[in-house]
Amino acid sequence: RRAQALQRRIRRRHVWEYAASAFVIISFGRYCVVTHTMIMRISFALIVAGCIFVTWRIHSGGEVRPLPADMGLEGSAAFYRRELERQRQLLRGIWRWYFGPFVPGLAVFVAGVVISAPYGNRWANILAVAFTVAVFWWIAGLNSKAAKRLDAQIEELGSLEMAD
């Protein structure tokens, strides 16, 4: 029952992730086409590429694994524990695989702002970067809390196994 609830949570999370990825890819892809400066086009293209990588990583590394139908109670608990551990590792590594792919595009974007933005627009662009960094920290905090909840569930499973 808990493994199925975990699977539902992961599926819901992936729907949100895929929707956000589609938004980023479409929005920044459009910016890449309509922007006139080459450095900004490169930054937007790098952000799109980073988003595609992150989406692939979520799909390939965080996918819901089906609970085998012929599994007994003991096997189900072991399956559930492995899934909790796998999801925890995914959440703990977000700085590397989730945020990391966006860093090149954001770095080029900041360079482009410094090089090409008129002074009046520069602050708006700097605020946009600051907002992005704040969103990264917020997402990292959410993922850290989720990893701690998974830790507690894994520990609870361990104590149940020891009681048997």
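Residue under question is Val129, and the condition is that it be in a helix (DSSP H, G or I), of a type in the set (A, V, I, L, M, F, W, C) and open to solvent by 60 Å² or more (accessible area, probe 1.4 Å); does it hold?
No: the conditions fail for Val129.
Just a yes or no: is a residue in segment 25-48 in contact (Cβ under 8 Å) with a residue 40 or more places away in the chain, open to solvent by 60 Å² or more (accessible area, probe 1.4 Å) and closer than 28 Å to Ile154 by Cβ?
No, segment 25-48 has no match at all.
In segment 84-114, how many are more than 14 Å from Arg149 (Cα to Cα) and assigned to a helix (DSSP H, G or I)?
Number of matching residues: 21.
Just one of (1) assigned to a helix (DSSP H, G or I); (2) open to solvent by less than 60 Å² (accessible area, probe 1.4 Å); (3) closer than 23 Å to Glu156 by Cα trips up Val64, so point out which.
It is condition (1) that Val64 fails.
In segment 132-148, which residues are open to solvent by 60 Å² or more (accessible area, probe 1.4 Å) and modelled with pLDDT of 90 or more?
Trp137, Trp138, Leu142, Lys145, Lys148 - these are the residues of segment 132-148 that are open to solvent by 60 Å² or more (accessible area, probe 1.4 Å) and modelled with pLDDT of 90 or more.
Got a sec? Which of Arg13, Arg30, Arg1 is more than 14 Å from the chain's Cα centre (by Cα), at pLDDT 85 or above and among the charged types (D, E, K, R)?
Criteria check complete, one pass: Arg30.
Residue check: is Thr55 touching a Lys or Arg at 6+ places or on another chain (Cβ under 9 Å) and either crowded, with 16+ Cβ neighbours inside 10 Å or among the basic types (Lys, Arg) (or both)?
no
Would you be able to tell me the number of residues in segment 1-51 that are under 24 Å from Ser116 (Cβ atoms), of a type outside the set (Ser, Thr, Tyr) and either in contact with a strand residue (DSSP E or B) (Cβ under 8 Å, 6 or more places away or on another chain) or not in a helix (DSSP H, G or I) (or both)?
1
Pick from segment 3-20 the residues that are surrounded by 15 or more Cβ atoms within 10 Å (Cβ to Cβ) and charged (D, E, K, R): which of them is nearest to Trp56 (Cα to Cα)?
Glu17
Checking Leu106 against (1) farther than 23 Å from His14 by Cβ; (2) within 17 Å of the chain's Cα centre (by Cα); (3) modelled with pLDDT of 90 or more: exactly one of these is not met. Which one?
(3)
Quick one: in segment 80-125, which of the residues that are of a type in the set (Ser, Thr, Tyr) and in contact (Cβ under 8 Å) with a residue 60 or more places away in the chain is nearest to Thr55 (Cα to Cα)?
The extreme case among them is Tyr80.
The values are calculated or read from the model by the stated rules, or taken from the named source; none is laboratory data. Being a predicted model, the structure only gives us computed values, none of them experimental. Here Cβ is always computed from backbone atoms with ideal geometry, including for glycine, and neighbour counts include all displayed protein chains. Remember, those area values only see protein heavy atoms, side chains included, never the ligands or the DNA or RNA. Shrake-Rupley method; radii C 1.70, N 1.55, O 1.52, S 1.80 Å.
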